[in-house]
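Heads up: the structure comes next, in C-alpha cells.
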Amino acid sequence: MPKKPFQPGRHFLQIPGPTNVPDRILRAMDKPTIDHRGPEFLELARKCLDGIKTIFKTTSDVVIFPASGTGAWEAALVNTLQTGDHVLMVETGHFASLWHKMANKLGIVTEFLDTDWRTGADPLKLEERLAADTSHQIKAVCVVHNETSTGCTSPIAKIRAVMDKLNHPALLMVDTISSLASIDYRHDEWGVDITVAGSQKGLLLPPGLSFNAISQKALDVAKKGGMPRSYWDWEEQIEANKNGAFPYTPATNLLYGLDAAIEMLHEEGLDAVFARHDRHAKATRNAVQAWGLEVLCQNPENYSSSLTAVLLPDGHDADAFRKIVLTNFNMSLGNGLSKLAGKVFRIGHLGDFNDLMLLGTLSGVEMGLSLAGIPFQRGGVETAMQTLSKS
Ligand SMILES: *Cc1c(COP(=O)(O)O)cnc(C)c1O
C-alpha cells in the first residue's frame, strides 16, 4: 500500500450517519470506565433512561441495547411476534429491505408494499391493504420514518390515523434511526408502539447504542408472546433498569456521551434542532437544482431533512465522483445502496452541523463535479448561500 499523503485540517464526514461527533461529547466520554454496578453508574444510567424519553417524546419505557441499530430492529420483532405471524412492511428503500429480510429470516410472514424508492410510504395504499384484512391477520405494520438510502420520509401520523380509522389492532413499528433528534418525531402523540433508534446519526454519538421506545400495548403483547429471546428481552432490561442496572455490561462510556447529547439537544431546543435541519436540507436541494441535477426524492411532502440523495446523469458513476471528492477534499459522501449503487450520492446534513459546514460540504461537491467532468451548472453554492441568508 502506498503511504497515504498527509491531509491537513479535519475530515468532512458528510455521510448520513455515522455523523460528526461534537467535541463536547468526545470530552464527556473521555473518562475512566466505572463499575457498572456502583452508585455512580446507576445514577448515570437512570439519568440517561429518563432523559432519552424526552427525545422520543414518550412517557413509556425506553430500553437501551449495546448494539447497532440492527439489533433494535431485531428486538422489536422478537419481543412481539411469533414465527408464522403476518406483518405488513413498506419497501421505501435499502433499509426497509434489510428489515424485511431480517423478518423473513426470523420466520415471520412478510408482505412488502413496494414503492419506486423515490417517495415515502403511501398511507392510502396501507389503508387499502389493512381494510382488506378484516380477520386481522396482520400483527404489525413496519415503516421506516426516514429512509436513509433515498432521502424520503414517511408520514407516520397519517399512517397511525389510517390504522385508527379502520380500528386495526396491529402494532405500529417505526424505524427512526436516521430521523430521531433531526426530524420532528412524537412516539406517544403519534401512537407508535415500538420506535427503533440508534446512537450514531441525529443523536450525535458514535455507533454502539440502539433503542426501543415501547408502548404499554407492545409491552402487554411481549409479556404474553413473542419469540424465544434472551439478549433482546425487554422484560429483563426494564426490570434491571428500574434502579439503573443492566442485565449485562452496558456501554458505560457511550452513556456518558448520551447524557451529554441529551443535554445539548435540550440546550438548543428540539424545535430549533428540527428547524435547523429543515433549513439546511432546503439550501441543499436548492443547490442541487441550481447545478441542474436531480434530487432522488420526487415527492416534496417526503423530502428528508437529514440527508439529500442526488442522482447523477446517465453514464456518470457516483462512486468515481465520491472517490474524487475524498481524495481531493478529504470529504466522505454517502454511496448509493443496492439498486441505487453508482447512480446516486448522498449528502448527510444531520447531527452536529452549521451553515459554514454545509457550505464547505456543498463547495466540495461543486468542485468535485467539475473535477469528475460531470455536466452541471455552476452556482449551487451561491444559491445555497442565498437560501441561508434569507432564512
Ligand atoms: C443506519 C440505518 C440502519 C442500520 O443501522 P445500523 O446501526 O447500521 O445497524 C437502519 N435503518 C435506517 C433508517 C438507518 O439509517
What does the charge count near PHE65 come to, summing +1 for each Lys or Arg and -1 for each Asp or Glu among other residues with Cβ under 11 Å from its Cβ?
-2
Enumerate the amide H contacts of PHE345 below 5 Å, restricted to partners 5 or more residues apart or on another chain; note that Pro and chain-start residues carry no placed amide H.
VAL310, LEU312
Using a probe radius of 1.4 Å on heavy atoms only, what accessible surface per residue do you get for the chain? Whole Å² is fine.
42 Å²
Measure out, as a whole number of angstrom, how far apart the alpha-carbon centroids of segment 346-377 and segment 143-199 sit.
29 Å
At 1.4 Å probe size, with no ligands or nucleic acids counted, give the accessible surface of LEU333 in Å², nearest ten.
0 Å²
Share of accessible surface on carbon and sulfur in segment 311-391, whole %, 1.4 Å probe and ligands ignored, is 54 percent
From Cα coordinates alone, what are the radius of gyration and Dmax values for segment 229-325 in angstrom?
20.9, 59
At 7 Å along the Cα-to-beta-carbon direction for both SER389 and THR54, put a label point, then send me their distance in nm to one decimal.
3.8 nm
Carbon + sulfur, % of accessible area of segment 23-266 - ligands and nucleic acids excluded, 1.4 Å:
53 percent
Taking the full set of protein chains and a 1.4 angstrom probe, give the accessible area of LYS101 in square angstrom, rounded to the nearest 10.
110 Å²
Per-residue accessible area for LYS217 at 1.4 Å probe radius, Å² rounded to 10?
80 Å²
Straight-line reach only, C-alpha to C-alpha below 21 angstrom: list the lysines that LYS343 could link to, leaving out same-chain residues fewer than 8 apart.
LYS323
5 Å-binned pair-distance histogram of segment 36-79 (Cα, whole percent)
5, 19, 21, 24, 20, 10, 2
For a protection proxy built on the mean count of beta-carbon atoms within 10 angstrom, sort 349-358, 245-254, 167-176 highest first, please.
167-176, 349-358, 245-254
Explain nothing, just compute: Karplus ³J(HN,Hα) = 6.51 cos²θ - 1.76 cosθ + 1.60, θ = phi - 60°, for every residue of segment 255-272 in order, whole Hz, x for Gly and Pro.
5, 4, x, 4, 4, 5, 5, 4, 4, 5, 4, 6, 4, 6, x, 4, 5, 5
Need the full-extension length gain, LEU326 to ILE34, defined as separation in residues times 0.36 nm minus the C-alpha distance. One decimal, nm.
101.3 nm
Row for the chain, column shape: gyration tensor on C-alpha, a ≥ b ≥ c, rounded if a/c < 1.5 i.e. under 1.5, prolate if a/b over b/c, else oblate; value oblate
What lysines sit close enough to LYS339 to cross-link, taking a C-alpha to C-alpha distance under 18 Å and skipping anything fewer than 8 places away on the same chain?
LYS101
Grab the DSSP H runs of the chain that are 4 residues or longer, score each as -39,500 (n - 2.57), total them, divide by all residues and round the 222 nm result to the nearest 500 deg cm²/dmol.
-13500 deg cm²/dmol
Beyond a 26 Å Cα-Cα separation, which of these cross-linked pairs lie in this structure: LYS105/LYS158; LYS105/LYS139; LYS47/LYS165; LYS53/LYS242?
LYS105/LYS158; LYS47/LYS165
Could you list which residues have their amide H under 5 Å from that of LEU172, counting only those 5 or more apart in sequence or on another chain, with H placed in the peptide plane?
VAL141, ASP193, ILE194
Pairwise FRET efficiency - GLU111 versus ASP319, Cβ, R0 = 51 Å, nearest 0.05:
0.95
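The values are calculated or read from the model by the stated rules, or taken from the named source; none is laboratory data. Source: prediction; values computed, not measured. All Cβ positions, glycine included, derive from the backbone under ideal geometry; neighbour counts span all protein chains shown. Each accessible area value is taken on the protein alone, full model and side chains, heavy atoms only, with ligands, DNA and RNA left out. Shrake-Rupley method; radii C 1.70, N 1.55, O 1.52, S 1.80 Å.
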